Amino acid sequence: MSDKNRVYIFDTTLRDGEQVPGCQLTTVEKIIIAKKLEALGVDVIEAGFPISSPGDFQSVVEISKAVSEPVICALTRANTKDIDAAADALQYAKRKRIHTGIGASDMHIKYKFNSTRDEILQRAVDAVKYAKKYVEDIEFYAEDAGRADNEYLARMIEAVIAAGATVVNIPDTNGYCLPDQYGAKIKYLVDHVKNIDKAIISVHCHNDLGVATANTIAGIMNGARQAECTINGIGERAGNTSLEEVAMILKTHHTLGYTTGIHSKGIYEISKQVESMMRMPVQANKAIVGRNAFAHSSGIHQDGVLKHRENYEILNPEDVGINSNSIILTARSGRHALKHHLERLGYKLDKVNLDEVYNRFLVVADKKKEIADSDLQELMGDGDTKNYDDKAIKVLLLQVVCGDPLRPMATVKLRINGEEKEASSAGNGPVNATINAIHAIIKDIIEIDEFSIQAMHGGSTDVSKVNMRVLHKGQSFYGFGYSTDIVNASVHAYVDALNKIY
């Protein structure tokens, strides 16, 4: 494969992604994500905007020390103070890049800078030349290029490459362009900028109209060789281009001939890490990493997937780090899906009348949103309530101590198969301490994959509903809990999931 078809992945989760209100990270958290990005195989990490705050400056410094393989990039505006700060912050980076730029659209030139095209062009050139005194690798961004006049944009790009820019970023800053417009803009630059072969064209698209990923792919197909993205597509307003979408589009459509350095099996893990640390839940139907991305509830789809996965899945979930797809039993499920789950539970279907079980299944499924293993066991005659209660894990005691500056501690007593067991543990919060105590009792590896708390009505005396999904030996199990006490509701949700496992 020719190097000319290598697409470099520039991740800006820690800069553009962190600009989302409520998603700010500590330096330690940024380092954790930066190391995950390095393991994922990204080529460039935009670590921050050093002049913006002491915290951002320090984060760029520490990430530069902690990460060695990717280029570490620092953002600036087109002025000397910004560039000086970026150079200082990057002093420990093994491979460093300064990312400077200025507005290119007449809208920005007139209403943001109160200037003229010629003055802005000179400021762009001066910024690149000044940054070049510090580092060789200079990326220039022409802000709002999506709405910029193509002829003027070409003049600007040619001038900054002549001044020393090694990468030229053509951002659709406001998510304005349609894919054919954006692709044509990149092609115009390829065809009209005389020295364009001296730099890499980069695409940085926002998702205001929901076409950021489509625009990025259009840019690549028209000559761009760097894609600027964020994990889960987080970012200003409606977000940025999603890294996982770009990586898997190029991998799935391999006949296009483009390659990246992304190790796709790490995608799901870093998606969950970013979701947790930035407190930005991923929507259920999000491409690639949403919880329903590989879930099937329609009977027609389930039958097709069970016969041959590729009937309804163009991606293998294992390729992005997900153990398997999910066949969700609902009232829309067919006999094939029911048979699949019954066989998974060890039932010999040649000894039962599947049609009879299926009719009973539909009665239950009409009453419940989702059918659990315990429901299937009842359908098969193994669900005697008294017998199940005797074997169930039950919470006999829950005692939690927490506060400031106390470290949260929890004591839990469970009855398991009639035997009482007790353990205490600390944690980073009352729920975590309680789960740790339960782990000390059951001595098994259970991973919490999803955790959500929902107030039923509102107010401080409200009943909270906790939904939890846990992973055990490659399978998913759901638990639900209700209580006016959030910790109590969480514990009962977790134990509910454990009962479905054991």
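Things to note:
- The alpha carbon gyration tensor of the range 93-141 gives principal lengths a ≥ b ≥ c with a/c of 1.5 or higher and a/b greater than b/c, which makes the shape prolate.
- Local electrostatic count, residue 477, Cβ distance below 15 Å [Lys/Arg +1, Asp/Glu -1]: -3
- Mean projection of the Cα convex hull over all viewing directions, computed for the range 299-381: 5.8 nm².
- Accessible area per residue for the chain is 47 Å², calculated with a 1.4 Å probe on protein heavy atoms, without ligands, DNA or RNA.
- Interchain or long-range residues, amide H under 5 Å from residue 449's placed H: 469, 470, 471
- From the alpha carbon centroid of the range 165-199 to that of the range 270-291 is 30 Å.
- Acute angle (nearest 10 degrees) that the helix 179-192 long axis makes with the longest principal axis of the chain, alpha-carbon atoms: 30
- DSSP beta bridges fully contained in the chain are about 50 percent antiparallel.
- Cα gyration tensor category, rounded, prolate or oblate, for the chain with a/c compared to 1.5: prolate
- Net charge, residue 52 excluded, C-beta distance under 12 Å - Lys, Arg +1, Asp, Glu -1: 0
- From helices alone, the chain scores -12000 deg cm²/dmol at 222 nm; the rule is -39500 (n - 2.57) for each run of n ≥ 4 DSSP H residues, then divide by the residue total.
- Cα centroid separation, the range 246-262 to the range 21-42: 24 Å.
- For the chain, with +1 on Lys and Arg beta carbons and -1 on Asp and Glu, the positive-most of 284, 302, 475 along the dipole: 475
- Euclidean distance between Cα centres, the range 207-221 to the range 66-135, Å: 24
- Nearest-ten-degree value, helix 430-442 long axis tilted from longest Cα axis of the chain: 50
- Rounded tilt (10° steps) of 150-163 against the dominant C-alpha axis of the chain: 80
- For the range 8-278, the mean projected area of the C-alpha convex hull, equal to one quarter of the hull surface, is 12.6 nm².
- Annotated for the range 393-501: lysine pairs at least 8 residues apart or interchain, Cα distance under 13 Å, count 5.
- Here residue 449 and residue 198 are evaluated by their C-beta separation; at R0 = 45 Å the FRET efficiency comes out at 0.45.
The values are calculated or read from the model by the stated rules, or taken from the named source; none is laboratory data. Given the structure is predicted, the values throughout are model-derived calculations rather than measurements. Cβ: placed from backbone, ideal geometry, glycine included. Neighbour counts: every protein chain shown. Note: areas computed on protein heavy atoms with side chains; ligands, DNA, RNA excluded. Shrake-Rupley method; radii C 1.70, N 1.55, O 1.52, S 1.80 Å.
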